1. Write down the accessible area per residue of the stretch 284-353 in Å², having rolled a 1.4 Å probe over the full set of protein chains.
2. Taking H as built 1.01 Å from N, whose amide H comes closer than 5 Å to the amide H of L319, not counting residues under 5 places away?
Amino acid sequence: MRLLAPVLLLVLTCGPGFADIVRVTGRAAVTNNDTDRAQRFALEDALYLAALEGGADVSGFSMADNGALTGESILLRPNSRILDYTVVSQGPSGHHYEVVIDAYVGTVPALGCAVRPAINLISGNPQIHVGYTAPLWAQEALELAHDATIMGLGATPQIQISARDISLTTVGQSGSKIPAGFDYDTLMAGQTRVEASRSNLIPDTARGLHLSWHATAPGLQATTLTVTLQAKVLDPAAPGRAQQMTTSHVVAVSANTPWRTVNVLARKDAHEVAKSLAESVSAELATWLGSYACAPLQGYLTDAGTGRFRIDLGSRDGLTRQSLAFAEGHGQPWTVFRIVDLSPSQAVLSPMNARRAGAQLAGAKVRFEIGG
């Protein structure tokens, strides 16, 4: 009976601790005079060697048969990241093809989203619901708060927002995981779907922002108003990247005095409540949308044909034809992917060296190194 016994786990850290430029040479044999294939494999080999310069995880195991040691195996996986690279020289060398690169490897610097494009949001008409116990001016207050909130988001870095007189009301949602505590910091993925007649209102280069406002009061004479806001980022081009948040605020209203009637007629409370709500909600939405815009560029591969895989990231996220993706864990060997087809919202990837890639790449997690 053959057994596999793990025997070691080491981390080599002889490479750059933060980030540095390294020069390495990759080689690949030229077979059947196919220099294009050898060139691609040599570049992949150079990238692998560059990644090893930044450190590696080494794990090994022994194979035993009826208690007798029959063999040993060692798995070497780079633990650094290739942030950028430049081809210094390339060409045939005997029966091989060589590619020399300068690669910037190490940990990701704190670039934030400086090198990422801003996300384009289209804000549609809001949904506004007012309970029968709420003040008469509550509808107007929420309308004013909505307009002020959208205006305030226009100054948010990495966000380009425009308001349009269109409806983005969702007709169904699966997998909603809204917590009872309305934790707006939690980004929750949902498979939100939009009416077919509405989804084509949002181009592949943009996403929709739908806000739903709800106002309730404990009673007709209450001095407080509870306003709950649900915000959804709709992405018909990549439904898996839809997000939502929910937040709730309690605001004070005028007490039941003779002046309350005057305030209603003068709409004083409506403007004050709208201003208070807009200030608080705009700050929360800005933080949430900022996290959305700066989220790491990573995702899971889906099958797109022989040796090709699709991911819901595209040129609107900052990807170019020269961008490289790297496999992340879950039993996958170190694999570099190149982009073979690119659209605003999706990219089709192919492993640079199919022989080194894992057998089950569909579902594997990959990442791009572009800011963040």
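1. Here the per-residue accessible area is 38 Å².
2. The answer is G314.
The values are calculated or read from the model by the stated rules, or taken from the named source; none is laboratory data. Remember, it's a predicted structure, so these values are computed and weren't measured experimentally. These area figures cover heavy atoms from the full protein model, side chains too; ligands, DNA and RNA do not enter into them. Shrake-Rupley method; radii C 1.70, N 1.55, O 1.52, S 1.80 Å.
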